[in-house]
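A short worksheet on the structure shown next.
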Amino acid sequence: MIVELLIPVINASGFAQISGCSYTLSECRKKLMTECPDVLLLDINMPDESGIVFCEEMRKQYQRMKIIALTEHNEYSCVMSMLENGASGYIVKTEAVREILEAIRSVMEGKEYISPEIEQIIRKTTKSAVTLTSREMQVLHLVAQGLSYPQIAKKLIIAPVTVNSYQKKLHLKLGAKSRFELIENAKKEGLIKKI
């Protein structure tokens, strides 16, 4: 139903056209081999595979293609997993169609798009006085997983100098002078879970 609703709306938007639809990820994988779109709307819960794993695979294989999670899942863990695996946007299916169009336009312009509902979930879950952008949160979580800055750059498909810029912002916002202190301060703020 969602797909059938979105096709005419996106085609009438004036800035985007639907190039194809797939109802399984295996079917999607085959279509991408012959025609790769600028933007892929991807559900997390697919009948044959996990959209989260598929997201990471496709971002590595098609680095110029942007991926927007369009799903019913609004759990913090799902959001962060998709963002960490390379999604440029995240929207829940209950959002207005204009939000979906705005997300497509934003990621086509090289920006990220997190819907207002998801932004609230991220803020509520972190419960921190420190405000981080979704990309800063991605970098922070990957730092906490022990990834080096070059590894983070490769995983997020961004330049190492960009990761360095995020790292400096994180150190400034969290008052940290070292990687260890960054992680410890993030735990105190509730931005990452204590192990």
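Only the coordinates and a few stated rules stand behind these numbers; no lab work does. Model, not experiment: these values are computed from the prediction. No Cβ is skipped: glycine too gets one built from the backbone with ideal geometry, and neighbour counts run over all protein chains shown.
Data table
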{"quantity": "The stretch 1-62: chymotrypsin sites (Phe, Trp or Tyr not before Pro) falling in loop per DSSP and having at most 10 other Cβ within 10 Å", "calculated": "15"}
{"quantity": "Gyration tensor (alpha-carbon) shape descriptor, the stretch 143-186, a/c threshold 1.5", "calculated": "oblate"}
{"quantity": "Cα-based equivalent ellipsoid of the chain: semi-axis lengths in Å, sorted from largest, via gyration tensor", "calculated": "31, 18, 15"}
{"quantity": "Cα gyration tensor, the stretch 88-154 - rounded (a/c under 1.5), prolate or oblate", "calculated": "oblate"}
{"quantity": "Across 60/111; 30/154; 66/154; 30/60, pairs whose alpha-carbon gap is larger than 21 Å", "calculated": "30/154"}
{"quantity": "CD proxy at 222 nm, helix term only [per DSSP H run n ≥ 4: -39500 (n - 2.57); per residue of the chain; nearest 500]", "calculated": "-16500 deg cm²/dmol"}
{"quantity": "Debye, to nearest 20: dipole size of the stretch 2-123, +1 on Lys, Arg Cβ, -1 on Asp, Glu Cβ", "calculated": "380"}
{"quantity": "Neighbour-limited loop hits for trypsin sites (Lys or Arg not before Pro), the stretch 103-195 (at most 14 other Cβ within 10 Å; DSSP other than H, G, I, E, B)", "calculated": "111, 127, 177, 193, 194"}
{"quantity": "Neighbour-limited loop hits for GluC sites (Glu not before Pro), the stretch 77-134 (at most 12 other Cβ within 10 Å; DSSP other than H, G, I, E, B)", "calculated": "109"}
{"quantity": "Gyration tensor (alpha-carbon) shape descriptor, the stretch 105-195, a/c threshold 1.5", "calculated": "oblate"}
{"quantity": "Partners for residue 188 among lysines (Cα-Cα distance below 21 Å; same-chain residues under 8 apart left out)", "calculated": "124, 127, 168, 169, 173, 177"}
